[in-house]
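Derivation of every value follows stated rules applied to the coordinates shown; laboratory data play no part. Quick caveat: nothing in here was measured; it's all calculated off a predicted structure. Backbone-built Cβ (ideal geometry, glycine too); neighbour counts: all protein chains shown.
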Amino acid sequence: MAVAAGVLASVVFAAQANAFGWNFDVPNTYPNISACVSQPLTYSCENTTAIADTCCSPTPGGLVLQAQYWDTYTGLESEGQLLPKDSWTIHGLWPDNCDGSYTQYCDFSRQYDPDPSPSVLPDGTTVPPYHGTSVENFIRDFARFDLLDYMNKYWINQGAPNRDFWAHEFSKHATCTSTFDVACYGPDYQEHQDVVDFYLAVVRAFQKFPTYQMLAGAGIVPSNTTTYSLDQLQDALQAQTGAVPYLGCGGVNGTILEEVWYFNHVLGVEQFGQFKSIDSTTTSTCNTTLGIWYYARTPTSEHEVRTIPGGFF
């Protein structure tokens, strides 16, 4: 019950704060980008000269992927870890290099993943498992109960607590994204400020790509009786983003829809710069001739998360 209790505690605490008018000095988490004002305006991966200040543009990981999952269960339903109704879930925000290659776990001093994957990097370096306090507590330390609530609704793990997934994504990807480097936060940096800032950036990016609604608006909804072609899925998303995303499929012959990656170049910092959609540089793993299953979820594996007037959810 640890996950459900933690979420409930955050929600109750936030409600009490609003009810009693308590004031909190919520620390800022954004980086110091004042020096970026004088930098040339260019999208990442489109610059013709070297980026002078890597705090101003994701470098060299300027091919930014916003990744989402379509899971049909969590494995922890009995503990209250459920999927959001009528929504895909967050996977992460990844800094691929402009040529499609990538690095991972770039700063072991900011390694918070209790179960690193991969556990050994391509050069043979072992990634040390983390045994300290949870990243969930980092978010609470910055009084971002709103962020924690949102993450527990939309950033859902499968078979393990959500917080483990969040730690993995920061440690593997954010530590390789130049605009989240500790140096970018200046002399007033507070420990774990970069972690909370990354989670806020992931949420902003996720909200740019409402996959469920884009597909549903084109008549493509989860179903256990109807399949869709890869072209139908890609065309529906391209019509709204201007680019063809990567669609990932599993199952026999790649016929079960599981994930989507939106590829982008970024003008400014990854935290809140302008995203420009580009076509996927990765070939889809979905079958090009057979029907693709976009399976409906079991009702007991999801819950309503949209705001209801007068309530929290």
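Over all other residues within a Cβ to Cβ distance under 13 Å of SER119, the charged ones net out to -1, with Lys and Arg as +1 and Asp and Glu as -1. Summing Lys and Arg as +1 and Asp and Glu as -1 over all other residues whose Cβ lies under 13 Å from the Cβ of VAL260 gives a net charge of -2. Of the chymotrypsin sites (Phe, Trp or Tyr not before Pro) found in region 231-312, those that fall in a DSSP loop while having at most 11 other beta-carbon atoms within 10 Å are PHE312. Build a GNM of the chain with springs between Cα atoms under 10 Å apart, and of SER44, SER34, SER87 the one that fluctuates most is SER34. Sorted on the mean count of surrounding Cβ atoms within 10 Å across their residues, most packed first, peptides 73-80, 217-224 read 73-80, 217-224.
The order of the peptides 190-201, 91-102, 225-236 by mean Cβ neighbours within 10 Å, most packed first, is 190-201, 91-102, 225-236.
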